[in-house]
Amino acid sequence: MSQTETQVPHPTLTHYYDSEASNAPFLEQIFDRTAVHYDRIDTFGFLGTGRSYRKWVLSRAGLQPGMRLIDVATGTGLVAVAAEEIVGPENLVCVDPSNGMLEMARAKLNATFIKAGAEALPVADASFDFLTMGYALRHVADLHAAFREYFRVLKPGGKCLLLEVSRPAAVLRYKMARLYFRDCVPKICRAITGSRDVQQLMEYYWKTIDECVAPAAILEALRETGFEQVQRTAWVDLFSEYTAVKPLR
């Protein structure tokens, strides 16, 4: 596939929105409505391990003090909080299309905040040493468009780290993931928060995990965009860490 072609991360999910054009408005609205609950459901969904894991993976990926970092789809700032502890607030830019999510993130961070989507980042070329995206790759409209922006805003030698939940390839692990994310998490999160929107968001999460393009397609899209040293590290066949480096030349 040419990098100029559109590559959606999953098919149109008509139960939630009518067309690809209405996907972004659907996401912005549901994230606005659930932002106040998001940290609680994240803590439950990751069994309380998320914060320590995020800081660990950032350090392992090579994030260092003094680096300038942009966190795309920052949400309530869960990855950004871990990054700020390493690079400091003066080197951190957080981007998200949801005002509700940005409001929650601002309460935690002294970073620079920008309302925007992954496919059109209103920042200068070659202005960041590091780019992160935590568990939101399934929500972009076009993988190639997002990756072209990531390539553009990184300095030569800059690194991209994408965290994602992937559909397990092994049958037993897939069934266990489906039981947890599809059958348990939405109902328990509804009970915890009392929010029907939260339940819908968690149901949507599973659908995007289940219908997402294979990790090989994500790796290939990164390569087609021009990234080098493209690789995926997978934990329990479920949690993916995609890394890629912009060439020095």
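The values are calculated or read from the model by the stated rules, or taken from the named source; none is laboratory data. Just so it is clear, the structure is predicted and the values come from calculations on it, not from any experiment. Cβ: placed from backbone, ideal geometry, glycine included. Neighbour counts: every protein chain shown.
A few remarks follow.
- Selected residue (criterion: farthest from residue 130 (Cα to Cα)) from residues of the range 232-249 that are of a type in the set (A, V, I, L, M) and in contact with a Lys or Arg (Cβ under 9 Å, 6 or more places away or on another chain): 236
- In the range 221-249, the residues that are of a type in the set (Ser, Thr, Tyr) and not in a strand (DSSP E or B): 225
- First in the range 209-229 and within 21 Å of residue 179 (Cα to Cα), second anywhere and assigned to a strand (DSSP E or B), Cβ under 7 Å, 6 or more apart: 209/165
- Take the conditions (1) over 18 Å from residue 168 (Cα atoms); (2) in contact with a Phe, Trp or Tyr (Cβ under 8 Å, 6 or more places away or on another chain); (3) of a type in the set (S, T, N, Q); residue 231 misses just one of them, which is (1).
- Residues that are in contact (Cβ under 8 Å) with a residue 40 or more places away in the chain number at least 3 in the following strands (runs of 3 or more DSSP E) confined to the range 52-126: 69-72.
- Sole residue being in a strand (DSSP E or B), of a type in the set (Lys, Arg) and more than 15 Å from the chain's Cα centre (by Cα), chosen from 155, 187, 207: 155
- Search result, residues across the range 211-220 that are part of a helix (DSSP H, G or I) and either of a type in the set (Lys, Arg) or surrounded by 16 or more Cβ atoms within 10 Å (Cβ to Cβ) (or both): 215, 218, 219, 220
- Of all residues in the range 90-117, those satisfying the criterion of being in contact with a helix residue (DSSP H, G or I) (Cβ under 7 Å, 6 or more places away or on another chain) and of a type in the set (S, T, N, Q) are 98, 99, 110.
- The set of residues from the range 221-249 being farther than 28 Å from residue 156 by Cα, aliphatic (A, V, I, L, M) and surrounded by 14 or more Cβ atoms within 10 Å (Cβ to Cβ) comprises just one member, 238.
- Of all residues in the range 192-213, those satisfying the criterion of being of a type in the set (A, V, I, L, M, F, W, C) and modelled with pLDDT of 95 or more are 198, 201, 202, 206, 209, 212, 213.
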